[in-house]
Structures are given as C-alpha cells and as structure tokens.
1. What does the accessible area of ARG109 come to, in Å² to the nearest 10, when a probe of 1.4 Å is used?
2. Output needed for the chain: three equivalent-ellipsoid semi-axes, defined as square roots of 5 times the C-alpha gyration tensor eigenvalues, in descending order, whole Å.
3. Quick one: which of 71-79, 114-122, 35-43 comes out on top by average Cβ neighbours within 10 Å, and what's the full order, highest first?
4. Tell me, what is the per residue accessible area of the range 121-169 in Å², probe radius 1.4 Å?
5. Using only the heavy atoms of the protein chains and a 1.4 Å probe, how would SER25, SER158 rank by accessible area, largest first?
6. Evaluate the distance, in nm, between pseudo-label points positioned 7 Å from the Cα of TRP176 and of LEU71 along their respective Cα→Cβ axes.
7. At 1.4 Å probe size, with the rest of the protein present, what percent of the exposed accessible area of the range 40-140 is carbon and sulfur atoms?
8. Heavy atoms only, probe 1.4 angstrom, no DNA, RNA or ligands counted: give me VAL147, VAL54 ranked by accessible area, highest first.
Amino acid sequence: MTTASKITLVRMAFIPLFMVFMYLSGGEPGHWALWVSLGIFILASLTDYVDGYVARKYNQVSDFGKFLDPLADKLLTIAAMTIFCQWQIFPAWALVIVLTREFAVTGLRLVAVGKGKVIAAGWSGKIKTASTMVGICVMMGFPQFLVLNGVIIGVIVSTTVYSGVEYFIQNWNCLWDK
C-alpha cells in the first residue's frame, strides 16, 4: 500500500471522530466541541490535498487510490451534511441530490471497471469536493447565518449536479456494450 493511500485511510479514520464531536456540540454555535469538529474536518480535508500531492510527486498513483480517495471525500462530506440535515440547517432535498449524484457516479465507475477502465476524478469533481469542504467549514463556523448557509447549499448543489452531468457526458460510452 502506498503512502498516499495510507494518508487517505487516515482521512477515513477521522470521520467517526469528527462525528462524535459534532454530536457532542449539539449544533450549538460557539460550542467547544463544534470548534474541535471543525478542526478535525479541516485536517481531514487537507489530507485530500496531501495524498494527491504525494501520489503525483512520488509516482504513487494507483487504481486503489483512484477508488479510495473519492470514497473518503464522499464519506467525510456526507457525514457532515447528514448531521446538518438532522439539525435542520441542510435541507433533505439537497442531501438527496448529493447522494443521487454520488451513487450514480459510483455506479458509472463500477461499470467502467468491469470494462477495464478506471475513471479518475475530473476537475469539476475536484471543484465540487473543494467547494463542498470549504462550504461545510463555513457552515460549522457560522451555523446560525441562514442566508449564508443558503448560498453554500446552492453552491454545493450546483457543483454537484454539474460535475455529475459532466462525468456522464465524458464517460457515456462506458454504459453501452461493445
């Protein structure tokens, strides 16, 4: 297993810890546990950049890493959005759009793998992930600002839909038998 993949696994290990502190905070603005969870989320999000950097710089790009890295991102961000949904600061319809995109793209990737092709994360997917991670950080830091949260939710949904459509347009041929 490469160093880059180990860093990705560390990101995944942060998720339960992040969730524990989120629940300890109860979503109360300024609560110490919310700040701890924000710190954990930021640290976990930064490992996304670090593992990609290590993989490229030290030629550790692997099919396992191409699979694991986006999975870790999905688990981290969906964990936060699910808790926000429970706290009623992230609408369920937006979470369903995010989950639908994630399942659809994962399904597309599985079909592609069955045909011997690995679909790596594209730029729009990376922008979606980065804007989602930054947006979630802002929502944790300022959960009481509903207008700001609404803008962030709009950015998350629009980048999610755009990147999902782009994945299907670019890889449409994977869905048809040849």
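1. Its accessible surface works out to 40 Å², give or take rounding.
2. Ellipsoid half-lengths, sorted descending, are 29, 20, 12 Å.
3. 71-79, 35-43, 114-122
4. 48 Å²
5. Ranking SER25, SER158 by accessible area, largest first, yields SER158, SER25.
6. The two pseudo-label positions are separated by 3.1 nm.
7. 71 percent
8. VAL147, VAL54
The values are calculated or read from the model by the stated rules, or taken from the named source; none is laboratory data. From a predicted model like this one, the values you see are computed outputs, not experimental measurements. For neighbour counting, all protein chains shown are included, and Cβ atoms are generated from backbone atoms with ideal geometry for every residue, glycine included. In case anyone asks, the SASA skips ligands and DNA or RNA and just uses the protein heavy atoms, side chains included. Shrake-Rupley method; radii C 1.70, N 1.55, O 1.52, S 1.80 Å.
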